[in-house]
Structure formats: C-alpha cells, structure tokens
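*Asks:* Let me begin by handing over the structure; questions about it come next.
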Amino acid sequence: MAFRVVKCGAAPSIAPIETHMTLETIAIHSPGDMGQAVAQVLAASGLKVIASLKGRSPRTRALAAKANIEDAGTLAALVRGADMVLSILVPGQAENAARDMAQAMESAQAYPLYVDCNAIAAETSQRVGSIIEQTGARYVDASIIGPPPRRPGVTRFYASGQHSGAFAALNAHGLDVRVLEGPVGRASSLKTCYAALTKGLSALGGSILVAAEAQGLGQALEAEFRLSQPGLLEWLERTFPGTPPKAHRFVGEMEEHAKAFAAQGLTPKMMEGAADFYRMMAATAMGKESPEEAPTRSAVEVAAELAKALKTG
C-alpha cells in the first residue's frame, strides 16, 4: 500500500490549499495517555492545545495540566476556539463522540476540521464521517501506529480522505503524518491490518502463557520458548507486561477489527477471541490500575496473576 508524506510547503495532490491552512489552536478529544502525549508535541511546537475537561476524571485533568492543555469548558466552546479537533479516545466511543461534537458544532455554529484518529473499522470511520459532514464540517479518517509520541520517530499518523492534506499540516508541528491515496477508510483499514497482528498476537501469546501457568507449566514453557522461540518470547516480555491497564481500551478495538475482517469475507472469530481475552484482563485488579500506578511485572508474572484470577472466578 503506497503512501505519500506531505510536508508543509510541499505540493500535495489532495486538498492543496488546505495543506497550508493557518493553525493556531488544536483541540484534543480526549487527553488520555495518547492524547496527552500528542498534545505535548503540539504545544512544544508553539500551538495552543485545548480540551473539554467538564466531567473528566482527576487523572485526565492531571494529564491535561502536565501537557499544558487549556480547559475550554464545554464542547461548544471547544469547537468555537479550535482550528482542528483530534478525536483520540476509546474506539467504542468514536461514534458517540462524533455525535456529541456534531451537536456542539451546530450549537456554536463553528466547524473545525474533525480528525478521527481512533482504531476503528473503515465502515465505522465512514459513519463517523457522515455524522460530521452533515454539519458542513470537513472530516479526515486517521489512524495512529506506534506508542504515544514521547520521543521522535516512533509514532506515525496515517490519513485518508479528501481533506487529509489539511491534517498533514501538523507535519510542521512535530507529528509524522502520512497521507494514503484514496477515500475515507483507508487509514483505518491500515491500522486494522497492523493492530490485528500486534494486539492479536499479544492476546494469543498471553493466553498461551496463562494456560501454561494455570497448569503449573509456566517455567517449563518459558524455558522451551527461550530455546526454540527466543524472538517471540523477547517480544512478549517487552510488550505484554504493560497491557493490563490498557486492556479495557483494547476490547472495543479488537471488536472493530473483527468487523473489518468480516467485511472482507474473513472470519471475525480470531479478533473476537482477542477481545474476550482483553475483557477478562480488564476485569482483574491489574486491569483496574492506571498506567502511572501499575508496578513493574514480567510477562510471566502477569500471566500468573491472570491464571489466579481465572481460578477465583
């Protein structure tokens, strides 16, 4: 799948005028772990970053303060003050968030560019786009591959649709935005193909470790993996321990990937199984920890805790 990186000042083939739009204020909806890190990058480049913190948790407010995000108050005030809104939240909330934002736009008679960066199926992104575009606002289908951008070169934003060039203006403000040729949904589909592997493999590998622990075979399996699957074991040891506090977000994401697979005539069951695994994980004490509070655990220790949770119901 070819992509084109649009830098500020380049001559893109998609929305050439919008690529040079003046940007002063970016709204983040909402400043969780990823949104807060994105906000820090944008604020460091000189942009004003705002969010609606009405009714948000103390953790979200603390993350916003750390990133120098200003509280706009209501969503109507947010859309009045923003040139662009980046929707970065739990995938299962993407459509409801778009409806709330569309209502705020109509109420405020203000229509900033709306960029959905969530891990959703292409069909979901198209529905979100319809909700936003019915107000007269412009819509960009986007996806994020990589961790929160706390250091350069690790996080990429892919974008598709008619107005992607306007979003790519953030290349001049610290983000790595790559425009995919084609209609709305292409960026979401790329994320599905990528995350189905990473989060799907983590769910499969984690399930295997839990099954071994539940049968008293954890150490034996780990030893065998070190002999015959060292690369896979190293990857699980690096990625799996930090999963429990994020598992609740992964449930909806894997369900979105299941929809995307089904739309292509593939079985959705693998992704649905991964969603079930993350749902089980999210219900444990580890799953209720915040990323900031979670203690350091190894992959095997996480698997052991999950095995205990299975036995205790």
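Values in this text are rule-based calculations from the coordinates and carry no lab data. Values in this document were obtained by computation on a predicted structure and should not be read as measured data. Here the Cβ is made from the backbone with ideal geometry for all residues, glycine too, and neighbour counts use every protein chain on show.
*Asks:* Compute the relative contact order of segment 190-312 as a whole-number percentage, counting only Cα pairs closer than 8 Å that sit 6 or more residues apart in sequence.
*Replies:* Computed over segment 190-312, the figure is 35 percent.
*Asks:* Report, in listed order, any pair from LYS288/LYS311; LYS199/LYS259; LYS191/LYS269; LYS66/LYS259 with a Cα-Cα distance greater than 27 Å.
*Replies:* Result: LYS66/LYS259 exceed 27 Å.
*Asks:* With the cut-off at 1.5 for a/c, could you classify segment 144-213 from its C-alpha gyration tensor as rounded, prolate or oblate?
*Replies:* oblate
*Asks:* Counting only complete DSSP H runs, which helices of the chain cover 18 Å or more along their long axis at the Cα atoms and score a mean Kyte-Doolittle of -0.5 or above?
*Replies:* In the chain, the long hydrophobic H runs are 186-214, 247-263, 269-282, 299-312.
*Asks:* What percent does the relative contact order of the chain come to when contacts are Cα pairs within less than 8 Å and at least six residues apart?
*Replies:* 16
*Asks:* I've got another one for you. If one computes the Cα centroid of segment 274-313 and of segment 142-220, what distance in Å separates the two points?
*Replies:* Here the two parts' Cα centres lie 22 Å apart.
*Asks:* Is segment 3-184 best put as rounded, prolate or oblate by its Cα gyration tensor, with a ≥ b ≥ c the root eigenvalues, rounded for a/c under 1.5, and otherwise prolate when a/b is larger than b/c, oblate when not?
*Replies:* Here segment 3-184 falls in the rounded category.
*Asks:* Taking 0.36 nm per residue of separation and subtracting the Cα-Cα distance, what length does fully extending ASN96 through ARG127 add?
*Replies:* Between ASN96 and ARG127, full extension yields 10.1 nm more.
*Asks:* Under 12 Å from the Cα of LYS308, which aspartates and glutamates turn up, not counting those fewer than eight places away in the same chain?
*Replies:* GLU213
*Asks:* Order 146-158, 299-311 from most to least packed using the mean count of other Cβ atoms within 10 Å.
*Replies:* Per-residue Cβ counts within 10 Å, averaged per peptide and sorted highest first, yield 299-311, 146-158.
*Asks:* Moving on to the next point. Below 8 Å between Cα atoms, with a sequence gap of 6+, how large is the relative contact order for segment 3-184 in percent?
*Replies:* 27
*Asks:* Still on this structure, please answer the following. Quote the charge dipole size of segment 190-312 about the Cα centre in Debye, to the nearest 20; the model charges only the Cβ of Lys and Arg (+1) and of Asp and Glu (-1).
*Replies:* It comes to approximately 240 debye.
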